[in-house]
Amino acid sequence: MTRSDRITETLTRTFAPLSLDVVDDSGSHAGHSGAAVGGETHFNVIMAAECFEGMTRVARARAVNDALADEFAAGLHALALTLRTPAERAKTL
């Protein structure tokens with residue numbers, strides 16, 4: 001199972017998202033701090049979930065980072081996060 005698969009599984013189990021995209025962006029960070037030769041260190045996550053309702057952007061990011069603590073401990077270096085409620089997502093479609 002890839003790190004992308006594990007991230008998708010963890011976020012789905014934890015947040016029951018309406019939508020979720022997990023993209024490995026490691027290739028564009030080659031040579032940067034935290035980038036490993038094999039990749040799977042930098043990801044872009046775009047997620048919409050009901051549970052984000054009433055949460056600040058910082059609280060949403062903390063919740064995702066907490067859910068992925070094991071991945072960070074195992075070499076995940078960075079996440080670019082776009083976290084929305086379903087209503088916020090609908091405005092961008």
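The residues of the range 38-68 that are touching a residue at least 40 places away in the same chain (Cβ under 8 Å) and under 14 Å from R6 (Cα atoms), listed by number, are F43, V64, A67, L68. Here E71 does not qualify as in contact (Cβ under 8 Å) with a residue 12 or more places away in the chain, surrounded by fewer than 15 Cβ atoms within 10 Å (Cβ to Cβ) and not basic (K, R).
All of the numbers you see were taken from the coordinates with simple rules; none came from a lab. Since this is a predicted model, take the numbers as computed values, not measurements. Don't worry about glycine lacking a Cβ; one is built from the backbone with ideal geometry, like all the others, and counts go over all protein chains shown.
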